[in-house]
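Some notes on the structure that comes next.
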Amino acid sequence: MEIAVTDVPERERFEARDEEGTLAGVITYQLTGGIIAYTHTNVDPAFEGHGVGSALARAAMDDARARGRTVVPICPFLGGWLDKHPEYESLLARSTRRIK
């Protein structure tokens, strides 16, 4: 299954869609200057277990890195995903590095 993730800034979220364009999941955010807080990840139950959440997390974090943003991972899913992906730790706001 091919999943494409795109930023939809007017809706403050990244969207994951399959090859037919069906919305598979989203990760929402709030942007303030150079700080982006990822607030919630939601994957449609029909797409669970197919890596949609991970694709959203990776795309969101790669976008933050490319734009030089500091990340505040409010979303529990993203926080857990980041625990397994230390390559993104340098993007996290200092206070979030201590929260588990």
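Since every read-out is calculated from the coordinates, none of them should be taken as a lab result. Please read all numbers here as calculations on a predicted model, not as lab measurements. Positions of Cβ are backbone-derived with ideal geometry, glycine not excepted, and every protein chain shown enters the neighbour counts.
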Positive minus negative residues near A4 (Lys, Arg vs Asp, Glu; Cβ under 13 Å): -4
Normalised per residue, the volume of the convex hull around the Cα set of the chain (Å³): 97
Nearest-ten-degree value, helix 52-67 long axis tilted from longest Cα axis of the chain: 50
Extension gain (nm, one decimal) between D44 and E10, 0.36 nm per residue minus Cα-Cα: 10.1 nm
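If I take every Cα pair under 8 Å that is 6 or more residues apart in the chain, average their sequence separation and divide by the length, what percent do I get for the relative contact order?
The normalised contact order for the chain reaches 21 percent.
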Under DSSP loop assignment and at most 10 Cβ neighbours within 10 Å, longest GluC sites (Glu not before Pro)-free interval of the chain: 21-100
Burial order of peptide ranges 59-65, 30-36 (average beta-carbon count within 10 Å, highest first): 59-65, 30-36
Percent of alpha-carbon pairs separated by more than 13 Å within region 1-57: 56
Pairwise label distance in nanometres, T22 with K84, each label 7 Å out on the Cα-Cβ vector: 2.3
Dipole of the chain, positive direction: furthest Cα of T28, A57, A93, with charges on the beta-carbon: A93
